[in-house]
1. TYR54 - would you say it is under 24 Å from GLY142 (Cα atoms) and aromatic (Phe, Trp, Tyr)?
2. Scan the stretch 69-80 and report the pairs whose first residue is within 12 Å of MET137 (Cβ to Cβ) and whose second residue is surrounded by fewer than 16 Cβ atoms within 10 Å (Cβ to Cβ) and not aliphatic (A, V, I, L, M), with Cβ atoms within less than 6 Å and a gap of 6+ or a chain change.
3. Return yes when LYS178 is at pLDDT below 95 and either more than 11 Å from the ligand (Cβ to nearest atom) or assigned to a helix (DSSP H, G or I) (or both) and no when it is not.
4. What's the number of the only condition in (1) more than 9 Å from the ligand (Cβ to nearest atom); (2) in a helix (DSSP H, G or I) that LEU86 fails to meet?
5. Scan (1) more than 10 Å from the ligand (Cβ to nearest atom); (2) out of contact with any strand residue (DSSP E or B) (no Cβ under 6 Å at 6 or more places or on another chain); (3) within 23 Å of ALA202 (Cβ to Cβ) for the single condition GLY136 breaks and write down its number.
6. Hey, any hits in the stretch 32-41 for a residue that's near the ligand (Cβ under 9 Å from one of its atoms) and touching a helix residue (DSSP H, G or I) at 6+ places or on another chain (Cβ under 8 Å)?
7. If you take the residues in the stretch 125-140 that are touching a residue at least 60 places away in the same chain (Cβ under 8 Å) and among the aromatic types (Phe, Trp, Tyr), which one is farthest from ILE109 (Cα to Cα)?
Amino acid sequence: MRKVIITGVSGMLGKEVKDVFKSDYEIYGIDVKEIDDYSIEFIKLDITKKDEIYDLIPKINPDYFIHLAAYTDVDRAEIEMEKCFLVNAIGTRNVSIACQRFDTPLLYISTDYVFDGKKGSPYLEYDNPNPINSYGMSKYWGEIFVRDLLQKFWIVRSSWLFGEGGKNFVDTILKLSKRQPLLRIVDDQIGSPTYTKDLAFAIRKIIEEAGFGIYHITNSGYCSWYEFANEVLKMKKKKLEVVPIKSDELHREAKRPEDSRLENFMWKLSGFKPLRDWKEALKEYLEGK
Ligand SMILES: NC(=O)c1ccc[n+]([C@@H]2O[C@H](COP(=O)([O-])OP(=O)(O)OC[C@H]3O[C@@H](n4cnc5c(N)ncnc54)[C@H](OP(=O)(O)O)[C@@H]3O)[C@@H](O)[C@H]2O)c1
């Protein structure tokens, strides 16, 4: 059986990626916090400790390495910049050096936040990144380490993730709708919401069928956070007033790109069907919630 190492396996995306590979691969899941899934081999490990990663690969001899672990609190990253860079940049360097040494193909997941959002149309894979916050910069440094150190790699950028078992916008809206009569949501940022289940499926397809390189993977279509919130409430038949506001009224620590739509250009050029529309994916996610 083929073997795959997955970092960040207890995270929101990690859970789905693990499930999508489980039937045909031996999974070695890495995270800083425990997981209660006994069908995989779990290894408690901190990716900022380079020797631990370095020692692990020859013991497992994996076919692929999927690197999802990250510092993901975008606002806190402005205050804890060093911690964020240690995990997202240095952690990714550690993983890349180990993969280089043992010639293991690496898939690294990155973000729409590597772009400044000023292009005015969807970003292509080889458009120039220009991050405008610490999280985006740290993930971009991660990309640079991957590209500088490896030949066998895929960088997959995605955006606005929602899915089971993680902090995400959809769950936040549902939670707030239970205790607030009115929601104030920004309408001056647009992007593509993406279901972790669909992204996990695409990750497996890329590893098994696509050439090395950079890929943008999101659900089809796009919206503002305001439209996204309205759609969640409409699908759950919740009658709540949603007021559109501007980003600077929120006074958040981190700036966000205004328009971070990602064209899934390389995916389509590879002959793959575009992922389903985000509303269809959202409907499935909300069933049973
Ligand atoms: N969420 C989004 O909208 C989005 C969009 C585009 C790209 N991404 C990328 O997708 C990936 C997964 O995101 P997610 O939303 O699933 O994140 P998540 O739920 O925060 O999962 C990340 C996991 O990595 C773990 N981790 C953090 N530091 C670690 C370390 N030093 N060593 C080992 N594990 C560590 C985290 O543990 P703790 O929780 O204990 O820190 C967590 O379990 C990330 O690389 C993220 O940058 C996310």
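The values are calculated or read from the model by the stated rules, or taken from the named source; none is laboratory data. Everything quoted here is computed from the prediction, not taken from an experiment. FYI the Cβ positions are ideal-geometry reconstructions off the backbone, even for glycines, and counts take in every protein chain you see.
1. Spelling it out, TYR54 is indeed under 24 Å from GLY142 (Cα atoms) and aromatic (Phe, Trp, Tyr).
2. GLU78/GLU253
3. yes
4. (1)
5. Here GLY136 meets the rest and fails (1).
6. No - not one qualifying residue is present in the stretch 32-41.
7. TYR126
Each row is one residue, and each column tells you yes or no for (1) assigned to a helix (DSSP H, G or I); (2) surrounded by 17 or more Cβ atoms within 10 Å (Cβ to Cβ); (3) touching a helix residue (DSSP H, G or I) at 6+ places or on another chain (Cβ under 6 Å); (4) in contact (Cβ under 8 Å) with a residue 60 or more places away in the chain.
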| site | (1), (2), (3), (4) |
| --- | --- |
| ARG204 | yes, yes, yes, yes |
| GLU208 | yes, no, no, no |
| GLY211 | no, no, no, no |
| TYR226 | yes, yes, no, no |
| VAL232 | yes, yes, yes, yes |
| VAL242 | no, yes, yes, yes |
| TRP267 | yes, yes, no, yes |
| PRO274 | no, no, no, no |
